[in-house]
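Step one of this worksheet: look at the structure below.
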Amino acid sequence: MTRARHSPCPQDPQYSTGSASTSAPPDPLDLDFRADASQLPVVRNALRDWLNRSAMTADQQMDVVLAVGEACTNAVEHGHRGDGATIRLRALIEGNVLRVTVRDAGCWRPPVDDPASFRGHGIAMMRALMDSVRVCPGDSGTVVEMDVLVRR
């Protein structure tokens, strides 16, 4: 499932082709963590620290932390329900695109459509914050892939 949030205009100054940046992107972030809610603040802080080393704007960094935090929360709550298994987060910047992958070994559970519920809006929120979001359930777990064009 892919949904683009916007189609940026190459002439828009908030988007860079990468040639104007004098700093190299940070090395990829590879983080394995226990499927436990107590690990989520640690994961968000590690991601925030990594993003601070990028040329990404502060506002976009907040969007990414929120979207990735939601994907990690879903992996803990829905994929594992506190079983302590390992979840893997990978983030890297290729050119001027941030690519994030959250991988778990849990079983995908399709969302329940309940408009009155305060829960169940995480994937929609991720799609609103990132340029593309793909949820790939499989026999060996679920992979959430997210991309966003880096604003500098």
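Rule-based calculations on the coordinates, nothing more; no lab input. Source: prediction; values computed, not measured. Don't worry about glycine lacking a Cβ; one is built from the backbone with ideal geometry, like all the others, and counts go over all protein chains shown.
Values computed for the structure shown
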{"item": "Local electrostatic count, residue 30, Cβ distance below 12 Å [Lys/Arg +1, Asp/Glu -1]", "result": "+1"}
{"item": "Amide proton proximity set for residue 106, modelled H, under 5 Å, gap of 5+", "result": "142"}
{"item": "Highest to lowest packing among 100-107, 27-34, scored as the average C-beta count within 10 Å", "result": "100-107, 27-34"}
{"item": "Separation of the residue 97 and residue 125 label points, Cα + 7 Å toward Cβ, nm", "result": "2.6 nm"}
